Amino acid sequence: MEADGRVRLRDITVRYGRRVALEAVSGEFVAGSLTAVVGANGAGKSTLLAAIAGVVPLAAGVVDCPARQLAYLPQLAAIDRGYPLTVSELIMLGGWREFGPFRSPGTAARARTVAAADMVGLAGRLRRSIGEISVGELQRALFARLILQNAAVILLDEPFAAVDAQTISVLLDQIIRWHQEGRTVIAVLHDLDLVRARFPSTMVLARRCVAWGATEVALPAMVA
Amino acid sequence: MAAHALIVEPFETLAFMRAALVACLALALSNGAVGTLLVLRRMSLDGDVLGHAVMPGAAVGFLYAGPSPTWLSVGGLASGLAVAALAGIITSGRARHDAGLVGFYLVALSLGVILVAWRGSNVDVMHVLFGTVLAIDQQALLQIAGVSSLIVLGIAALYRPLAVGAFDPAFLRAVGARAPYGAVFLVLVVLDLVANFQAFGTLLAVGPMLLPAAAARCWGLGVAASMALATGFGLTASVGGLLVSYHGNLPSGPAIVLAAGLLFAISAVITGSLRRLAPMIARDV
């Protein structure tokens, strides 16, 4: 990756109405780092990713990151599975920055769609509608869409929630591949054993940032 | 030649039937596209509410200029957009507020009826409530055709962001497509409702928009194909409804909406039983 994948947060605060979801979080995700974001329910983990992605407005503070170099995986529940869309169309949307809202996706985007589907084990599923495939397969398709987005910063909100073990291993391999390619990956996770085993950095949230750094140093703050 | 007398003759001999037919065909084009997106966005209730939000403005237009199609439309458009903006502000960032939406609908409807009844007759009230599809003059026809052309062009131009925003708005914002497509879509809905209002009145305006789209949605097609099928259903319901109302001497707006409702029921029953039968057939083979 040539683009700079650094994400710097300066005192970011997010409010939903009068409720403070995230308060004065500061720090930097180094370019090429692989960070797990952990914390109790309602700790502001999803809000943090949405704030970095620019999907929720900031009440205060600044997110400093290459805005056009960012790919965001929302929670699965945010996707309307009743929508009439094929797996192939869903993945191809990842090329949005190339073809934009108006032009037709070219043959290159189509070829990359097939290749990305192959990587996440969805080769035979391209023509299915997203309502017909399993939850695990939908998550694989959304990962394939992220592959197409080819972003320097990848934000994953609970990528393994409600997903079978085999899919988790495929998706985890992809995350490691992104890390090896030098991309910055930030993932909200619940499985602390997994975090300990595979994620070099960890951020512990409880509306404020409780601990942030190397996993073996930061994670005990969560368990305590 | 019985079929000719039944189907072609009413349109051949009567200018008002022809005008009604052309208006309904123009509306079917924009309704197919707008209605499909409305159903896919699960915004049917919002569409219904906005249909009634047109009423107070149309009533003010009526007070100002009598039953002139232009002033009814201008007033209706103004109050429809005002309510859309107001509802957007009130419900933004919160869970859906059904009671608030229905509240808008009741207040707007009552206010409109009172305003029209204040200066007009009972016939005028009936006209704004149920429309006057058989009394569409050339000016109204041009307006309807113009507005629905505008809507079809608008949706064609913004098709991809509108379609993607309907199922994954966060993705749209994350890839930097930050134009307010949701608001643009609401404007298109209000425009289409104003066009329908002339023919179907405030109570039924949302019917020709939603019912063909809901019927098309049953068949599980892609977005563009659903729009085309919804347009086809809209055309069928218009021709069928107009003929039934002519031969049966029935009110034509409600007849067209009933025909669309019938298509919805047939679609739901057929696709529902196909879905139930498919696994059984697969097992037998």
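The values are calculated or read from the model by the stated rules, or taken from the named source; none is laboratory data. Worth saying up front: this structure is predicted, and the values here are computed from it rather than measured. Every residue, glycine as well, gets a Cβ built from its backbone with ideal geometry; the counts of neighbours run over all protein chains shown.
Could you tell me how many of the residues in segment A:74-106 are under 17 Å from the mean Cα position of the chain (by Cα), among the aliphatic types (A, V, I, L, M) and within 9 Å of chain B (Cβ to nearest Cβ)?
Counting residues in segment A:74-106 that are under 17 Å from the mean Cα position of the chain (by Cα), among the aliphatic types (A, V, I, L, M) and within 9 Å of chain B (Cβ to nearest Cβ) gives 4.
For segment A:127-148, indicate whether the set of residues that are touching a residue at least 24 places away in the same chain (Cβ under 8 Å), farther than 30 Å from B:GLY220 by Cα, of a type in the set (Gly, Ala, Ser) and surrounded by fewer than 16 Cβ atoms within 10 Å (Cβ to Cβ) is non-empty.
There is no residue in segment A:127-148 that is touching a residue at least 24 places away in the same chain (Cβ under 8 Å), farther than 30 Å from B:GLY220 by Cα, of a type in the set (Gly, Ala, Ser) and surrounded by fewer than 16 Cβ atoms within 10 Å (Cβ to Cβ).
B:SER121 versus (1) surrounded by fewer than 17 Cβ atoms within 10 Å (Cβ to Cβ); (2) closer than 20 Å to B:ASP46 by Cβ; (3) free of Cβ contacts under 8 Å to residues at least 12 places away in the same chain: which is the lone unmet condition?
(2)
Quick one: A:ALA117 ticks every box in (1) facing chain B (nearest Cβ under 9 Å); (2) in a helix (DSSP H, G or I) bar one, so which box is it?
(1)
Can you name the helices (runs of 4 or more DSSP H) wholly within segment B:162-229 that have at least 2 residues being within 30 Å of B:PRO254 (Cα to Cα)?
Ranges flagged: B:181-204, B:207-217.
For segment A:23-49, which positions are under 20 Å from A:TRP178 (Cβ atoms) and of a type in the set (A, V, I, L, M)?
Those that are under 20 Å from A:TRP178 (Cβ atoms) and of a type in the set (A, V, I, L, M): A:VAL30, A:ALA31, A:LEU34, A:ALA36, A:VAL37, A:VAL38, A:LEU48, A:LEU49.
State all residues of segment A:158-208 that are of a type outside the set (A, V, I, L, M, F, W, C) and free of Cβ contacts under 8 Å to residues at least 12 places away in the same chain; if no residue qualifies, say none.
Step one: of segment A:158-208, the residues of a type outside the set (A, V, I, L, M, F, W, C) are A:158-159, A:164, A:166-167, A:169, A:173-174, A:177, A:179-184, A:190-191, A:193, A:196, A:198, A:200-202, A:207-208.
Selection gives A:SER169, A:ASP173, A:ARG177, A:GLN180, A:ASP193.
With respect to B:ALA278, determine if the residue is in a helix (DSSP H, G or I), within 14 Å of chain A (Cβ to nearest Cβ) and at pLDDT below 95.
On the way: in a helix (DSSP H, G or I): yes; within 14 Å of chain A (Cβ to nearest Cβ): yes; at pLDDT below 95: yes.
When the stated conditions are applied, B:ALA278 passes them.
Out of curiosity, is A:ALA50 within 14 Å of another protein chain (Cβ to nearest Cβ) and surrounded by 16 or more Cβ atoms within 10 Å (Cβ to Cβ)?
Against the criterion (within 14 Å of another protein chain (Cβ to nearest Cβ) and surrounded by 16 or more Cβ atoms within 10 Å (Cβ to Cβ)), A:ALA50 qualifies.
When you go through B:PHE104, B:PHE62 one by one, which is the residue that is within 30 Å of A:ALA77 (Cβ to Cβ), in contact with a helix residue (DSSP H, G or I) (Cβ under 8 Å, 6 or more places away or on another chain), of a type in the set (Phe, Trp, Tyr) and away from chain A (no Cβ under 14 Å)?
B:PHE104
If you take the residues in segment B:207-231 that are closer than 17 Å to B:ALA26 by Cβ and not polar (S, T, N, Q), which one is surrounded by the fewest Cβ atoms within 10 Å (Cβ to Cβ)?
So the residue we want is B:ALA228.
Select the strands (runs of 3 or more DSSP E) contained entirely in segment A:1-105, then report the ones holding at least 1 residues which are touching a residue at least 24 places away in the same chain (Cβ under 8 Å), more than 20 Å from A:ALA141 (Cα to Cα) and among the charged types (D, E, K, R).
Hits in segment A:1-105: A:7-16, A:19-29, A:60-64.
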